[in-house]
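Take a look at the structure below.
The values are calculated or read from the model by the stated rules, or taken from the named source; none is laboratory data. These numbers were taken from a predicted model, which means no experiment stands behind them. FYI the Cβ positions are ideal-geometry reconstructions off the backbone, even for glycines, and counts take in every protein chain you see.
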Amino acid sequence: MIKMKVVLTTILLLVVGINFVPNRYSNGSNGSLMESSPKKGKPIILDASNFNKTVAKGVTVVDFWATWCGPCRRQAPIIEEIAAELGDKITFGKLDIDKARSVASEYYIRSIPTIIIFKDGKVAQRIVDLHSKQQLMKEIRRFL
């Protein structure tokens, strides 16, 4: 019984803690995304309307994430750093799975963060879970 209370308390603290982590991609008021236009070195905010066109040509790295996902928020600054370094050679995008469920479903996103590297519109590599900058750079550089 005591172990059950400890487990439940721990889960509750994790959930509450995750909800208080600031979201880099919202303006804090209504959760709307701030970066929606393409900028060199910045991930493009993707949705169902611009996804296919964005990944159609060249190499595109797409970070599938959600606002409630703690590991996704830890992955975000890493993706931004890599985009700043490689953004002139590769397109980077972020897709909120809660706002583009049809796209997430089409690519069988079952766990987040998931990063998919597209080459000319086709899935070339799938990376699931939180990864370090070094790990991601190693995988992404293979497509340069």
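Out of Ile2, Ile11, Ile97, Ile18, which single residue is at pLDDT below 95 and touching a helix residue (DSSP H, G or I) at 6+ places or on another chain (Cβ under 6 Å)?
Checking each option against the conditions leaves just Ile18.
Somewhere in the range 66-84, is a residue outside any helix (DSSP H, G or I) and under 22 Å from Gly121 (Cβ atoms)?
So far as the range 66-84 goes, no, none of its residues is outside any helix (DSSP H, G or I) and under 22 Å from Gly121 (Cβ atoms).
Can you tell me how many residues in the range 39-58 are out of contact with any helix residue (DSSP H, G or I) (no Cβ under 8 Å at 6 or more places or on another chain), hydrophobic (A, V, I, L, M, F, W, C) and in a strand (DSSP E or B)?
Adding up the residues that qualify gives 1.
Which residue pairs have Cβ atoms closer than 9 Å, lie 6 or more positions apart in sequence or on different chains, and pair a first residue in the range 93-115 that is in contact (Cβ under 8 Å) with a residue 24 or more places away in the chain with a second residue that is aromatic (Phe, Trp, Tyr) and part of a helix (DSSP H, G or I)?
Filtered contacts from the range 93-115: Gly93/Phe51; Leu95/Phe51; Ala100/Phe51; Val103/Phe51.
Residue by residue through the range 91-144, note down the ones that are surrounded by fewer than 16 Cβ atoms within 10 Å (Cβ to Cβ), basic (Lys, Arg) and part of a strand (DSSP E or B).
Listed by number, the residues that qualify are Lys119, Lys122, Arg126.
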